[in-house]
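For reference, the structure is listed below as structure tokens.
The values are calculated or read from the model by the stated rules, or taken from the named source; none is laboratory data. For clarity, every value in this text was computed on a predicted model and none was experimentally measured. Here the Cβ is made from the backbone with ideal geometry for all residues, glycine too, and neighbour counts use every protein chain on show.
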Amino acid sequence: MIFDLEDSVAAEQVETARRSLSELLSSDRQDPRVQQFVRVRESAPYALLHADLAAVVGPGLDGLVLPKVDDVRVIVSIDAALEVWESLRGMVPGETRLAVLVESPTALRVAAELAGASPRLTALCFGAEDYARATGLAADDRSKGLAHARAALAMASHAAGVEAVDMVSREFRDLEALERSVSEGRSLGFSGKLAIHPNQVATINAGFRANAAELAWARRVVRAYEEAGLDSRGVLSVDGEMVDAPVVERARQLLADAERP
């Protein structure tokens, strides 16, 4: 769950929002399975971000979502600030994670560097609205113009070993359209998707899980490979298709992912 201190909060309401969030994060969680992130205000001017950190960093916070980041130095400075706040709040050093919103062509160009700027960083997320505004493209998950940027972000995430999180789908009542968007995002290499409404969560989670047919295929591949007793260079045929070591590893990964809660 991402609580917002940025675009959804009017400037005159920010202080009230900070107090409310501070109280919420200090209370017991309603569901311990739900991770709690806060999207803070952008890093310039730094005083605004500093006030956000002072309000929300604590044992009840799992991580921050950083908007409009296109410079590695921003992440490095926030990492250092978090180290101080974690010490002051009696937390384990490094336990506050970071997710970065990639929202401009400049940020996309340095996405791999952003992902490697801090060991806290666990995800790159595609921020379509600001990216579309910067490029003149339609901010729509059906937009062909955004497909290249989305794919590039997913590849940068994989290269850095962090999660790739796809853009928001604004049509939260049209679950069939959401299913198509999730399927496309998965085909581009994304491992998750931002949700703008609770109604979207179940569809998104289901879409990023292997379906019954995919799991059955994975089991056949792994079983055939193991029964053949092949080493890492062996090749065999399953369902009329050539299967080698990379295919087997992908099948094993599908099965492992299906076991995750």
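What the table shows:
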| item | result |
| --- | --- |
| Unmet requirement for residue 201, which otherwise passes all of (1) under 26 Å from residue 35 (Cβ atoms); (2) modelled with pLDDT under 90 | (2) |
| When residues of segment 216-230 are limited to those that are aliphatic (A, V, I, L, M) and modelled with pLDDT of 85 or more, the one farthest from residue 258 (Cα to Cα) | 224 |
| Residue tally, condition more than 15 Å from the chain's Cα centre (by Cα) and either crowded, with 16+ Cβ neighbours inside 10 Å or part of a helix (DSSP H, G or I) (or both), over segment 138-158 | 9 |
| Within segment 106-120, tally of residues that are touching a residue at least 40 places away in the same chain (Cβ under 8 Å) and part of a helix (DSSP H, G or I) | 6 |
| Any hit, segment 40-59, residues being surrounded by fewer than 15 Cβ atoms within 10 Å (Cβ to Cβ), charged (D, E, K, R) and at pLDDT below 95 | no |
| Residue that is farthest from residue 153 (Cα to Cα), among those in segment 57-77 that are in contact (Cβ under 8 Å) with a residue 40 or more places away in the chain and touching a Leu at 6+ places or on another chain (Cβ under 9 Å) | 63 |
| Meets criteria (among the charged types (D, E, K, R), more than 22 Å from residue 122 (Cβ to Cβ) and not in a strand (DSSP E or B)) for residue 86 | no |
| Criterion (under 30 Å from residue 120 (Cα atoms) and of a type in the set (Gly, Ala, Ser)) met by exactly one of 159, 228, 138, 216 | 159 |
| Verdict on residue 33 being at pLDDT below 90 and either touching a strand residue (DSSP E or B) at 6+ places or on another chain (Cβ under 6 Å) or under 22 Å from residue 200 (Cα atoms) (or both) | yes |
| Lone unmet requirement of (1) crowded, with 16+ Cβ neighbours inside 10 Å; (2) in the same structural domain as residue 164 (by TED's automatic domain parsing); (3) in contact (Cβ under 8 Å) with a residue 24 or more places away in the chain for residue 199 | (1) |
| Which listed residue, of 97, 109, is surrounded by fewer than 18 Cβ atoms within 10 Å (Cβ to Cβ) and within 25 Å of residue 152 (Cα to Cα) | 109 |
